[in-house]
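A.B. asks: Here it is, the structure, as structure tokens.
The values are calculated or read from the model by the stated rules, or taken from the named source; none is laboratory data. Note that this is a predicted model, so its numbers are computed, not measured. Virtual Cβ from ideal backbone geometry, glycine too; neighbours counted across all protein chains shown. For accessibility, only protein heavy atoms count, side chains too; no ligands or nucleic acids. Shrake-Rupley method; radii C 1.70, N 1.55, O 1.52, S 1.80 Å.
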Amino acid sequence: MTSAWELLLPAASAPARARGRALQAALREAVRSGRLAPGTRLPSSRDLAADLGVSRKLVTDAYEQLTAEGYLRSGRGAGTWVGDAVRAARPRARDLAPRSPGHRADFVAGTPDLSLFPRSAWAAAQRGVLSELPHEALGYPDPRGLPRLRAALAELLARRRGVVADPERIVVVSGVAQATALLAGVLHARGTRTAGVEDPGSPQHCDLYASAGVATVPLPLDAEGLAVGALRGSGVRVVVTTPAHQFPTGIAYSARRRGELLDWARSVDGLVLEDDYDGDFRYDRAPVGALQGLDPERVAYTGSVSKSLAPGLRLGWLLVPEWLADEVVARKRTTDLGHPTLDQAVFARFVERGDYDRQLRVCQRAYRERRDALVAALAEHFPGSEVTGIAAGLHAIATLPERYGPTERFLARVTGAGVAVRSLAEYGHGVDSGAAGRHEVRLVLGYAHLTPGRIRAGVRAMATAARPAASRVGAAGCSRGVSVRAAPDQ
């Protein structure tokens with residue numbers, strides 16, 4: 001019990017006005033932490049006051065307050081005791097952010113190189129904003145976002161992605177996930193109960209629509225994009241797509257398929273949600289413009305800075321058709337009362353001063369170099385493999401020859417060697433995407449977050465782990481090199 005009283009001594013030396021609150025807080029923490037166990041009899045208020053050198057009234061008030069809260073119990077003439085109602089454990093702050101568990105190499109797609117974040121330029125933008133932002137701007141913002149940022153985004157997206165960007169129909173969001181959830185909620189309120197998703201495709205699309213009560217219908221792809229026949233036969237009137245660089249297959253929708261998709265939307269009075277998650281990163285030519293630019297009333301467009309700056313900024317945008325704008329804005333208002341003002345103002349300044357364009361150029365150079373390193377490493381260590389899809393984005397599809405299969409055994413071997421990698425099949429939603437009858441190992445390889453050296457080391461580690469499976473057939477006579485087959489030029 002002596003050690004418990006030691007916890008109370010700092011309270012006795014607190015400033016006079018704060019001494020009572022400090023004593024109550026110290027007693028409360030001693031009970032919560034178990035230093036004062038249930039059933040412990042406390043000293044009389046007179047004795048404790050004498051030990052601590054404080055007034056008896058201060059101790060009496062503390063006992064009465066904690067008795068009222070349930071931490072202590074007392075009876076006339078029976079003294080004061082620690083109550084038995086407290087079962088709180090010592091609080092601890094856990095970090096539930098996704099983290100790599102320390103693999104030798106991690107090829108899981110979706111993560112940019114966070115070391116490329118422009119700390120100096122961002123800090124300069126913050127200083128500039130804090131020096132110029134008027135006091136009233138720190139109040140509750142327009143739920144659509146700061147007019148300054150919406151205007152900057154309208155210019156940026158029209159110039160770089162070819163969208164029809166009316167600042168009045170741009171909603172600043174915390175990322176593509178929030179944009180999708182907002183739209184799903186509005187559509188559900190309008191009576192939508194099903195939405196189509198690409199198969200294979202991003203798992204988050206299914207999860208986000210399900211959270212709004214909208215079931216997802218997997219729709220297969222072909223070489224040109226979403227298979228329109230299956231789309232028409234599905235009965236859905238909403239579909240989620242990644243037409244500029246389909247995730248995860250890496251194809252770009254053909255011009256013909258883009259037109260067919262819009263024809264479908266018009267014929268069923270439907271809506272296409274365009275997730276432009278990495279549309280700025282094309283390495284062999286200028287990026288394909290956004291689908292939204294062809295029909296702004298049938299396409300809702302969303303993107304973010306998660307691949308270009310950092311996902312931790314939680315900053316993105318949603319362009320909505322005019323007929324949905326008011327409902328999306330109303331839902332955004334009730335969801336969070338608007339995106340943080342300072343973050344919006346900093347990003348607006350970052351865009352206006354050309355810093356964002358410079359950042360995109362830095363990332364594009366780095367990621368193109370890493371894709372080249374991946375292709376070269378596959379050619380050296382997996383002869384006969386093929387890289388498919390367009391030269392773009394932060395991941396590539398690699399198809400390894402049959403001698404490295406079956407896929408389950410390959411994945412077990414490389415995982416055991418400390419290499420994290422996923423197969424294309426893991427992104428499927430249940431529809432046969434052309435994998436039936438195929439025995440090659442088809443991998444989705446993320447490379448943007450890895451240096452060229454780590455890419456080469458990771459591919460070498462995969463090859464070493466997979467060699468026992470390959471040696472059953474033998475590599476004699478196998479052609480060296482890797483085939484790089486792009487989708488038809490879109």
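A.B. asks: Quick one: which residue in ASP269, ASP280 is closer than 24 Å to ARG159 by Cβ and in a loop (DSSP other than H, G, I, E, B)?
C.D. replies: ASP280
A.B. asks: For ASP199, work out the one condition from (1) without any contact (Cβ under 8 Å) to a residue 24 or more places away in the chain; (2) acidic (Asp, Glu); (3) open to solvent by less than 20 Å² (accessible area, probe 1.4 Å) it doesn't fulfil.
C.D. replies: Only one criterion in (1) without any contact (Cβ under 8 Å) to a residue 24 or more places away in the chain; (2) acidic (Asp, Glu); (3) open to solvent by less than 20 Å² (accessible area, probe 1.4 Å) is unmet by ASP199, namely (1).
A.B. asks: If you don't mind, another one. I'd like the full set of residues that are open to solvent by less than 10 Å² (accessible area, probe 1.4 Å) and under 15 Å from PRO147 (Cβ atoms), limited to region 341-350.
C.D. replies: Passing the criteria: GLN344, ALA345, PHE347, ALA348.
A.B. asks: Give me the pairs, please: first residue somewhere in region 55-79 and on the phi < 0 side of the Ramachandran plot and open to solvent by less than 90 Å² (accessible area, probe 1.4 Å), second residue anywhere and among the hydroxyl-bearing types (Ser, Thr, Tyr) and part of a helix (DSSP H, G or I), beta-carbon distance under 8 Å, and either six or more positions apart or on two chains.
C.D. replies: VAL59/SER45; THR60/SER45; TYR63/SER45; LEU72/TYR63; SER74/TYR63; SER74/THR67
A.B. asks: Can you work out which of the residues in region 107-162 that are charged (D, E, K, R) and assigned to a loop (DSSP other than H, G, I, E, B) is least open to solvent (accessible area, probe 1.4 Å)?
C.D. replies: ASP113
A.B. asks: Something else about it: Would you check which residues across region 374-384 are surrounded by 18 or more Cβ atoms within 10 Å (Cβ to Cβ) and out of contact with any Lys or Arg (no Cβ under 6 Å at 6 or more places or on another chain) and list them?
C.D. replies: Hits for region 374-384 are LEU374, VAL375, LEU378, ALA379, PHE382, GLY384.
A.B. asks: Here is a follow-up. Go through region 300-339 residue by residue and tally those that are free of Cβ contacts under 8 Å to residues at least 24 places away in the same chain and surrounded by 17 or more Cβ atoms within 10 Å (Cβ to Cβ).
C.D. replies: Result for region 300-339: 0.
A.B. asks: Got a number for residues in region 443-490 being modelled with pLDDT of 50 or more and in a helix (DSSP H, G or I)?
C.D. replies: The total comes to 18.
A.B. asks: Checking THR80 against (1) part of a helix (DSSP H, G or I); (2) modelled with pLDDT of 90 or more: exactly one of these is not met. Which one?
C.D. replies: Exception for THR80: condition (1).
A.B. asks: For HIS205, all conditions in the list (1) surrounded by fewer than 22 Cβ atoms within 10 Å (Cβ to Cβ); (2) of a type outside the set (Lys, Arg); (3) part of a helix (DSSP H, G or I); (4) in contact (Cβ under 8 Å) with a residue 40 or more places away in the chain hold save one; what is the number of the exception?
C.D. replies: Here HIS205 clears every test but (1).
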